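Single-structure report; data block below.
The values are calculated or read from the model by the stated rules, or taken from the named source; none is laboratory data. Note that the structure is a prediction, hence the values are computed from the model and not measured. A quick note on method: Cβ atoms are made from the backbone with ideal geometry, for glycine too, and the neighbour counts reach across all protein chains shown. Just the protein is used for accessible areas: all its heavy atoms, side chains included, with ligands, DNA and RNA removed. Shrake-Rupley method; radii C 1.70, N 1.55, O 1.52, S 1.80 Å.
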Amino acid sequence: MKRQYIGELIAETIAVFIIIAFGDSVAAMYTLYSPSPYQGAYWGVCIAWGLAVTMAIYATGSVSGTHANPAVTLALAMYRKFSWAKVVPYCIAQVVGGFLGAGLVYMLYSPVINHFNQVSNLTRAAGGAAGVFFTHPGLAITPMHAFGDEIVLTAALIFGIFAITEQYNEMAPGANSGALIIGLLVALIGASMGYLEAWAINPARDFGPRFFCFFAGWGSAALPSPQNYWWVPIVGPLIGGALGGAVYQYLIRPYLPAHLRALSGESK
């Protein structure tokens, strides 16, 4: 295995580690404290998740492109000529990053988690404080409804990422600001639709911490989780990413003026 390729996998692991380390930490502050510093300021949670994504991109983008999300990796392989041979290794590296990030958050917040569960008369096996680490359906949302939601939300994410990173999009931000705009896109999705089922929009973001929690005392509350929910934040985003990428690639990109000019120049 080439050194550069190893570096790409390490970068993907670190990228998701960064996202989960900050993202699950802000989820801990939202969930575990009473009064929560974020109960009346949910936008702060969204901004924290978005800035975590931005930080991950700035830290690792030059090495791997910072997919940090299997749905992104799949969409790039389908529409942006990313190597199919790298798809599974990238996804594994991303899940490992989520697992390790959850481990760090657990190390930081385990006393607070224990206190929260004790005061609330909850146990880990019953799902106490599970919302710190992984997602679940919100008010009145069934698993199948959440499945459809995850398709739509992830489609919006990938559509936005494709627009922001499109070389022929003359309205796209410059290279150094693209990471910030992608982070704001994540925050926007969370702020507008996050309460549906905590806006996983990333299989590694959900499954990595969920897998960690399976071994950290949550057991079946994590996997397979109530109502066998564990697969929804995996399959939904993968389908949504493919759909969002297709919408941009076939309904927007062919009509970009710079793209049309480039095609005209090639034909001449």
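Which value in nm describes the separation of the simple spin-label points at Lys2 and Thr142, placed 7 Å from the Cα toward the beta carbon?
Distance between the two pseudo-spin positions: 5.0 nm.
Considering only protein heavy atoms, what per residue accessible area in square angstrom results for region 30-77 with a 1.4 angstrom probe?
42 Å²
Would region 131-234 count as rounded, prolate or oblate if I go by the C-alpha gyration tensor, calling it rounded below 1.5 in a/c and otherwise prolate when a/b exceeds b/c, oblate otherwise?
The shape class here is prolate.
Which of rounded, prolate, oblate describes region 196-268, given a ≥ b ≥ c as roots of the alpha-carbon gyration tensor eigenvalues and a/c under 1.5 marking rounded, otherwise prolate only if a/b is larger than b/c?
prolate
Go ahead and run the numbers for FRET between Ser83 and Phe215, Cβ-Cβ distance against an R0 of 25 Å, rounding to 0.05.
Rounded to the nearest 0.05, the efficiency is 0.20.
I'd like the FRET efficiency for Asn114 and Ser62, computed as 1/(1 + (r/R0)^6) with the beta carbon distance as r and R0 of 41 Å, rounded to 0.05.
Calculated value: 0.55.
Please list Glu150, Glu266 from largest to smallest accessible area, probe radius 1.4 Å, with all protein chains kept in place.
Solvent-accessible surface, decreasing: Glu266, Glu150.
Using the Cα centre as the reference, give the magnitude of the dipole from point charges on the C-beta atoms of the chain (Lys, Arg: +1; Asp, Glu: -1; all else neutral), rounded to the nearest 20 debye.
It works out to roughly 500 debye.
Dipole magnitude of region 145-268 about its Cα centre, charges +1 at Lys/Arg Cβ and -1 at Asp/Glu Cβ only, in debye to the nearest 20?
200 debye
Give the shape of region 97-150 as rounded, prolate or oblate, defined through the alpha-carbon gyration tensor: a ≥ b ≥ c are the square roots of its eigenvalues, a/c under 1.5 means rounded, and otherwise the shape is prolate if a/b is larger than b/c and oblate if not.
It is oblate, given that a/c is not under 1.5 and a/b is not larger than b/c.
Rounded to whole Å, give me the distance from the Cα center of region 97-138 to that of region 32-79.
Rounded to whole Å, the Cα centres lie 19 Å apart.
At a 1.4 Å probe radius, carbon and sulfur cover how many percent of the accessible area of the chain?
69 percent
Can you pull the accessible area of His259 for me, 1.4 Å probe, Å² to the nearest 10?
For His259, solvent-accessible area is about 20 Å².
Projecting each Cα onto the charge dipole of the chain (Lys/Arg +1, Asp/Glu -1 at the beta carbon, about the Cα centre), which of Trp199, Gly265, Val119 comes out farthest on the positive side?
Gly265
For region 114-268, with every protein chain kept in place, what is the accessible area per residue (1.4 Å probe, Å²)?
Accessible area per residue: 47 Å².
Tell me, what HN-Hα J-couplings in whole Hz come from the Karplus equation 6.51 cos²θ - 1.76 cosθ + 1.60 at θ = phi - 60° for each residue of region 146-153, using x for Gly and Pro?
4, 4, x, 4, 5, 4, 5, 5
Before rounding to the nearest 500, sum -39500 (n - 2.57) across all DSSP H runs of length at least 4 in the chain and divide by the residue total; then give [θ] at 222 nm in deg cm²/dmol.
Taking each H run of at least 4 residues, the total per residue is -23000 deg cm²/dmol.
Hey, in the GNM for the chain with a 10 angstrom Cα cutoff, which one of Gly244, Gly174, Gly103 fluctuates hardest?
For the chain, modelled as a Gaussian network with Cα springs under 10 Å, the answer is Gly174.
With a 10 Å cut-off between alpha carbons and a GNM built on the chain, which of Ala93, Ala77, Ala140 moves the most?
Its mean-square fluctuation being the largest, the pick is Ala140.
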